[in-house]
1. Does V143 qualify as being part of a helix (DSSP H, G or I) and either closer than 18 Å to D288 by Cα or not assigned by TED's automatic domain parsing to the domain that holds D182 (or both)?
2. Keeping to region 253-278, report how many residues are of a type in the set (S, T, N, Q), assigned to a loop (DSSP other than H, G, I, E, B) and crowded, with 22+ Cβ neighbours inside 10 Å.
3. For residues in region 307-340 being assigned to a helix (DSSP H, G or I) and in contact with a strand residue (DSSP E or B) (Cβ under 8 Å, 6 or more places away or on another chain), which is most open to solvent (accessible area, probe 1.4 Å)?
4. So, in region 362-420, how many residues would count as being within 19 Å of H86 (Cβ to Cβ) and either assigned by TED's automatic domain parsing to the domain that holds L291 or touching a Phe, Trp or Tyr at 6+ places or on another chain (Cβ under 9 Å) (or both)?
5. Taking the options T380, T419, name whichever one is surrounded by fewer than 18 Cβ atoms within 10 Å (Cβ to Cβ), under 23 Å from S95 (Cβ atoms) and in contact with an Asp or Glu (Cβ under 9 Å, 6 or more places away or on another chain).
6. Here is a list of conditions, (1) at pLDDT below 95; (2) within 30 Å of S106 (Cα to Cα); (3) among the β-branched types (V, I, T), and V299 meets all of them except one; can you say which number that is?
7. When the residues of region 227-252 are narrowed to those that are aliphatic (A, V, I, L, M) and assigned to a loop (DSSP other than H, G, I, E, B), which ends up nearest to the ligand (Cβ to nearest atom)?
8. Give the residue that is surrounded by the fewest Cβ atoms within 10 Å (Cβ to Cβ), with candidates limited to residues of region 385-408 that are more than 16 Å from the ligand (Cβ to nearest atom) and in contact (Cβ under 8 Å) with a residue 40 or more places away in the chain.
Amino acid sequence: MVDFRNLPSVESVLSSRRIRTATGEYTREWVTNLVREQIDGARGAMRNGSAAPTADEIAASVVYQIELLGRVYPRPLINATGVIIHTNLGRAPLSLDAMDATLQASEGYSNLELDLLEGGRGSRQAHVQPMFRQLTGAEAALVVNNNASAVLLGLSALAAGKEVIVSRGEEVEIGGGFRIPDVLLQSGAKLVEVGTTNRTYASDYEAAITDNTAALLKVHSSNFRIDGFTHFAETRELVEIGERTGIPVLHDVGSGCLLNTADYGLSHEPTPRESIAAGAGLVFFSGDKLLGGPQSGIVVGKRDLVRKLERHPLARAVRIDKMSLAALSATLLHYLKGEAETKIPIWRMISMSAGELEDRAYHWQTVIGNRALVLRGLSTIGGGSLPGETIDTWLLALECDNLSGGAQAVTRRLREYSTPVIARIEENRVILDPRTVFLEEEDTLLRAVREVLEPVA
Ligand SMILES: *Cc1c(COP(=O)(O)O)cnc(C)c1O
């Protein structure tokens, strides 16, 4: 039998000096619950043979918990990975105007759903709708919480209880558990698979059409690429079939790029405008990938179809919040003013010149010293956009061969820095890419690297 009498009591931990000095700002209830959890955890560990912790040890873990939880989440950090749209790091950073818009929309009241001319109830969509019509050429638009919910809403409103035809090569998983077949199932639509993984022809869709077909669905394989012996039907071929049979074509283009990626030395990413021009009934995309705005999902397309989505009960469940809406409209204004490339952070990063990156990498090297090398390398777009696409960059590489713990230990300590720095590892070197580091972050980054390397230098 384990003797639990050695475990400190809740009271003894609460009255310790460490707890009293470090947790004063927080409610006694919260601190007490954290102490109980730690004691319960210790009891479990004792059953597995651990010794009883002292009251001071319990207090130290509670203080650590409070330091972790007692601050605003998510914490800002420095992305030195060179992955521009990094889903784990919050996808697209917002422009100054977009950040300002969220502040304006949230610090007081706003005309979110008030028509200022008439004085009556307005729509929160009224402002962004004409912007998206202009930017994509579509008749109508609807903005929701994210692209996953946009697709779910679209399929639920148009295809519940009916059949939707999808190519086997486009039954993709986007990540985070978003799989096209599962979304179809959830919407109540029946998936009809056509073609093979690598080849699907327009005629395959046509042959699968029945009286119960509600839509032809096309999904952009945004996070992988199939090369070699492949064929996929073009949107306009599906539209031609759809027009003959009265069935709408729905197109999930994923990243919602509003600029031409080919102008930036990247391969061509399908744009909502092209899909609308090809005649798609509805086009779905994200607001926080290559659009460079806040988390949001956008549906553009034919007026009668968009109206069906607006009227569906799910529309209320997935509606966009006012802060995201404000940031989105500020981001769209950059496109309408022709200043997207200079004002939207991800486009500034994508278009950053090799000369600027080289200068920055050499500047970092002078600050960090002889453990650092400047190398040519590659940045990636990331975030389920432009799979496999890279842009040439200049990197700072930290040699870690004779450091204890090697590159793993260095990246861990960079992550644990007061402003965490996220880097990648290649061949036991820690790699820092200036492309995704904001100029204002450079001093902090360089301080972090010096402090992390110092004790072992
Ligand atoms: C990213 C992506 C989604 C999901 O978009 P979220 O905005 O993350 O919900 C859906 N479909 C495709 C093709 C995507 O690339």
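The values are calculated or read from the model by the stated rules, or taken from the named source; none is laboratory data. Remember, predicted model here, so these are calculated numbers, not experimental data. With ideal geometry, Cβ positions are generated from the backbone for all residues, glycine too; neighbour counts draw on all protein chains shown. We work out accessible area using only protein heavy atoms, side chains counted, and drop any ligands, DNA or RNA first. Shrake-Rupley method; radii C 1.70, N 1.55, O 1.52, S 1.80 Å.
1. Judged against the criteria, V143 is not a match.
2. 2
3. Among those residues, the one meeting the criterion is R307.
4. 5
5. Exactly one of T380, T419 is surrounded by fewer than 18 Cβ atoms within 10 Å (Cβ to Cβ), under 23 Å from S95 (Cβ atoms) and in contact with an Asp or Glu (Cβ under 9 Å, 6 or more places away or on another chain), namely T419.
6. So the condition that V299 fails would be (1).
7. The qualifying residue nearest to the ligand (Cβ to nearest atom) is A233.
8. Looking at residues that are more than 16 Å from the ligand (Cβ to nearest atom) and in contact (Cβ under 8 Å) with a residue 40 or more places away in the chain, I get S404.
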